[in-house]
Amino acid sequence: MSESGFPPAVLFDLDGTLLDSAPDMLATANAMLAERERAPITLDALRPVVSKGSRAMVSVAFPELGQDARDALVPEFLARYEGLIGQHAVLFDGIAGMLDALDAAGCAWGIVTNKPEYLARLIVPQLGWQQRCKVLIGGDTLAQRKPHPLPLLAAAERMGIAPGTCIYVGDDERDIVAANAAGMASVAALWGYRLDADDPMAWGADTLIARPEHLQHAKAWPLPRTL
């Protein structure tokens with residue numbers, strides 16, 4: 001640990017962990033539905049599956065379609081989302097203060113997301129993170145994506161740190177699976193997007209955190225696997 005008590009480096013998932021992107025996703029899905037003269041869906045219906053990706057969101061918007069038909073709508077969903085990205089999304093309460101605390105402590109941080117890299121790179125400058133975010137890896141950056149550990153290992157390598165000195169924070173089980181496989185300690189973000197059947201207690205995270213502002217305090221972070 002650093003002298004401040006914070007870990008030397010932290011990697012974050014993006015959607016559902018740092019960014020509440022569900023309102024952007026809802027606008028995207030409802031634009032597709034409106035064009036087809038179908039009734040809109042609600043944020044409550046879409047929010048639980050946002051972390052599951054575009055295919056899961058299309059499935060919620062078009063449940064009557066078969067899998068092949070839904071998959072065929074994914075490119076349209078991504079294109080529409082790209083056109084409005086960031087218009088409705090906001091940081092979760094407490095994220096800004098938490099990142100400020102990490103910066104003040106000299107803790108390097110970056111993003112490893114399953115969102116396509118080109119979309120993630122549109123978000124970072126909107127949030128003013130170009131200089132602050134030390135690494136950004138998307139779901140299509142490498143040959144594998146989470147829950148495979150490769151993106152986390154590559155992010156640590158690009159930051160010039162040993163994986164075991166880094167903490168990974170995410171709101172989905174695959175985030176914790178990837179962290180464990182990469183030899184990183186992990187934080188399950190309970191403020192994110194989850195299905196009712198999801199059980200974060202069973203994911204194997206080193207710690208579970210209810211609200212982002214708790215991570216403004218060094219004592220809330222788990223110890224890295226390698227000190």
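A few notes on this one:
- Residue match in region 14-23 (condition: of a type in the set (D, E, K, R) and not in a strand (DSSP E or B)): no
- Pairs are defined by a Cβ separation below 6 Å, a sequence spacing of at least 6 or placement on different chains, a first member in region 78-104 that is farther than 26 Å from residue 118 by Cβ, and a second member that is of a type in the set (S, T, N, Q); the pairs so defined are 97/216; 98/216; 101/216.
- Among the residues making up region 70-99, those that are small (Gly, Ala, Ser), over 17 Å from residue 123 (Cα atoms) and touching a helix residue (DSSP H, G or I) at 6+ places or on another chain (Cβ under 6 Å) are 94, 97.
- Only strands (runs of 3 or more DSSP E) whose full extent lies in region 120-227 are considered here, and the ones with at least 2 residues that are open to solvent by 10 Å² or more (accessible area, probe 1.4 Å) are 133-137, 207-209.
- Residues (assigned to a helix (DSSP H, G or I) and either at pLDDT 95 or above or open to solvent by 30 Å² or more (accessible area, probe 1.4 Å) (or both)) located in region 34-53: 34, 35, 43, 44, 45, 46, 47, 48, 52
- In region 210-222, the residues that are in contact (Cβ under 8 Å) with a residue 12 or more places away in the chain and within 14 Å of residue 8 (Cα to Cα) reach residues that are assigned to a loop (DSSP other than H, G, I, E, B) and open to solvent by less than 50 Å² (accessible area, probe 1.4 Å) with C-beta atoms within less than 6 angstrom, at least six apart or across chains, in these pairs: 218/5; 218/6; 221/7.
- Among all positions in region 102-113, there is at least one residue which is under 22 Å from residue 157 (Cβ atoms), open to solvent by less than 20 Å² (accessible area, probe 1.4 Å), at pLDDT 95 or above and among the polar types (S, T, N, Q).
- Considering the conditions (1) touching a strand residue (DSSP E or B) at 6+ places or on another chain (Cβ under 7 Å); (2) open to solvent by 20 Å² or more (accessible area, probe 1.4 Å), residue 14 is excluded by exactly one of them, (2).
The values are calculated or read from the model by the stated rules, or taken from the named source; none is laboratory data. Bear in mind the structure is a predicted one, so any value in this text is a computation, not a measurement. Glycine also receives a Cβ, built like all others from the backbone with ideal geometry; neighbour counts cover every protein chain displayed. Surface accessibility is based on the protein's heavy atoms, side chains included, excluding ligands, DNA and RNA. Shrake-Rupley method; radii C 1.70, N 1.55, O 1.52, S 1.80 Å.
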